[in-house]
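Structure record follows, encoded as structure tokens.
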Amino acid sequence: MIKIILIIIICLNSFNLKAIDRVIENIRISDSKENKASRIVFDLSKKMPYSVFVLNNTPRLVVDIEAEKYKNYLFKESRLIENIRIRRTEKGVIRVVFDLKNSAYIDKNFYLNKTSNKFFRLVIDIKETKSVFGNKKNKKIKKRKFIITLDAGHGGIDPGASNLGKKEKDITLKAAKELKEILKNKNYKVYLTRSTDQFISLSKRRKIAKKNKSDLFISLHVDSLKKKSTRGTSVYTLSDKASDRITARLAERENKVDMIAGVNLEDVDNEVASILLDLTRRDTKNSSSFFAEAYIKRVRENGHRLLRRPHRHAGFAVLKSPDIPAVLIELGFLSNTKDVRLLSNKKSRKRLLTSLAEAIDAYVKLKTKNLVF
């Protein structure tokens, strides 16, 4: 009995040690007078996955670290940093926000190996952003446009769904071009994965979005089911498990598209699997879901038809970019005659695309203002 108690105590102690193994021990800040830069150093109990990015709308540096605990630190105001805020965003992730006095960019971020003080050091160097007017005070910083890549599903030798003489590849291409014009008028920078009737592999579509440095990737599709009465729009985000059998079959069908051109998707899946646990992937998936809900809200408010469960999840290969929020939108069903008429008519199609553009507006506004707190 005593042995059993001792084993339990040892196990509990081991668990507690493991739970607090990932600790932010201290945060240190130093300034460089020569080049208007600041260096932030995190003293960490071990090397931990992290992500770092800057928001310049209200200047902030955000650092997410896979840590379980953080210790108190002494904040000393610096040349660029006005304040530090820290909180847990989810289990096992701590977010540290540095409120900046001026817009800045990340010059370097890297790990230094453990030293005699037994801590690993995560180093982040930030520099003040120069304005287009020579970095004078009270002058506006030139803002980068929000970049969107629109993906017209299918194309070329892959027609997608078809009914009543209408093909999915043609409807999605028209919709992508029309949506691009709507968004350009809203001052977005917009790219298309295809502008003609051509076949493009799923992996290449992701690479195009990456090359464009996209902030958002939207793949447009039109579905088809045996049940002819099913109609309405829906939105899909990436998940390892499908939300239902119909969604699983849809993802399987869409993912087989690359087999037409002899592309092996297994390599893509293995590549992505290694980074699914990365913080960047977590943030990307969360942002994708955030946009999906914004789309559903806007579509519902504008009186468009939605599926009964409009936000669904599955392992769509085209959505697997690790660092770009991405959604697949089914505009409707070619298997339903009413949806065919709506999607084939430019006027009614534009009403739905306008709602999609409004959802993008809402997403961009909330993401830039409320991403951190």
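Quick notes
- Residue 198/residue 337 FRET efficiency (R0 22 Å; Cβ-Cβ; nearest 0.05): 0.15
- For the set 114/285; 189/285; 71/297; 91/367, the pairs lying more than 30 angstrom apart at their alpha carbons are 114/285; 71/297.
- Distance from the alpha carbon centroid of segment 297-352 to that of segment 142-207 works out to 13 angstrom.
- Nitroxide proxy distance, nm - points 7 Å out along Cα→Cβ at residue 308 and residue 46: 4.7 nm
- Environment charge at residue 310 (Cβ cut-off 11 Å; Lys +1, Arg +1, Asp -1, Glu -1): +4
- Taking Lys and Arg as +1 and Asp and Glu as -1, the other residues whose beta-carbon sits under 10 Å from that of residue 43 total +3.
- Amide H contacts under 5 Å for residue 88: 95, restricted to partners 5 or more places along the chain or on a different chain, H placed in the peptide plane at 1.01 Å from N.
- Between residue 177 and residue 350, full extension at 0.36 nm per residue minus the direct alpha carbon distance yields a gain of 61.2 nm.
- Segment residue 226-residue 366, length gained on full extension (0.36 nm per residue, minus Cα span): 46.5 nm
- Once the C-beta distance of residue 118 and residue 91 is scaled by a Förster radius of 22 Å, the resulting FRET efficiency is 0.25 to the nearest 0.05.
- Estimated FRET transfer efficiency when R0 is 41 angstrom, pair residue 69-residue 187 (beta carbons, to 0.05): 0.40
Values quoted throughout were computed directly from the atomic coordinates according to the rules given, and no laboratory measurement underlies them. Please read these numbers as outputs of a predicted model, since none were measured by experiment. Neighbour counts run over all protein chains shown; Cβ positions are idealised from the backbone, glycine included.
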